[in-house]
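Structure, as structure tokens:
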Amino acid sequence: MSSAQAPVEPFVISRVFNAPRKLVWQAFTEADRLKHWFGPKGFTPDVSKIDLRPGGTYHYRLAGPGGATMWGKWVLREIVPQQRIVMLSSFSDENAGTTRHPMAPTWPLVLHSVFTFEDAGEGKTKLTVEWAPYDASPEEIMTFEAGRPSMTQGWSGTFEQLEAYLAGLQA
């Protein structure tokens, strides 16, 4: 968020996974692993490129039902291995340019996102997602606030896919 804005309460969601932190971290930071679970239900990353370093990017395309596609981009700002990733996330085009949400034109152009990875008991990991509009207009902030139920639904589905992926790796 820019300093001129009133603070926006971030959206926060957590899940405890029955997998060690190292494995959850790998699933979240390796392109070949992200392709197996990341994105809303019904969408699959079919392009997934990550440059895991501050200043690097994760650029991906999600293929969905009926031939629908969406591009996204993370610009990585801080990485503390197996603990924390801070990034700016946005929708994108195929050339990694920042674009508007394809179905919600007043959605914030950029979100400040923090992902934390914590031990949660023997062989378990708590993953927390926190995001808030970054340098957003009042209209974008209103859209973000109104979208909290859909963010909960979307991240819950994404976490279910991650949970299934991790279970398959450990089976």
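For LYS35, the aspartates and glutamates whose Cα comes closer than 17 Å to its Cα, not counting residues fewer than 8 places off in the same chain, are ASP46, ASP51, GLU94, GLU160, GLU163. Distance between the C-alpha centres of the stretch 5-82 and the stretch 130-171: 10 Å, rounded to the whole angstrom.
Model label points for THR152 and LYS35, set 7 angstrom from Cα along the Cα-to-Cβ axis, are 3.5 nm apart.
Using only the C-alpha atoms, the convex hull of the stretch 11-170 corresponds to 103 Å³ per residue.
Bridgeable lysines around LYS124 (alpha carbons under 17 Å apart, same-chain partners fewer than 8 residues away excluded): LYS22. Applied to the stretch 69-79, the Karplus parametrisation 6.51 cos²θ - 1.76 cosθ + 1.60 on θ = phi - 60° returns per-residue 3J(HN,Hα) values of 9, 9, 9, x, 8, 10, 9, 6, 10, 8, 9 Hz, with x for Gly and Pro.
Spacing of the modelled spin labels on ALA164 and ALA63, each 7 Å from Cα toward Cβ, amounts to 1.7 nm.
Take the Cβ atoms of ARG53 and THR128, set R0 to 22 Å, and the FRET efficiency comes out at 0.50.
No lab work stands behind these numbers, since they all come straight from the coordinates. No experiment lies behind these values; they were computed from the predicted model shown. When we count neighbours, we look across all protein chains shown, and the Cβ atoms used for this are built from the backbone with ideal geometry, even at glycine.
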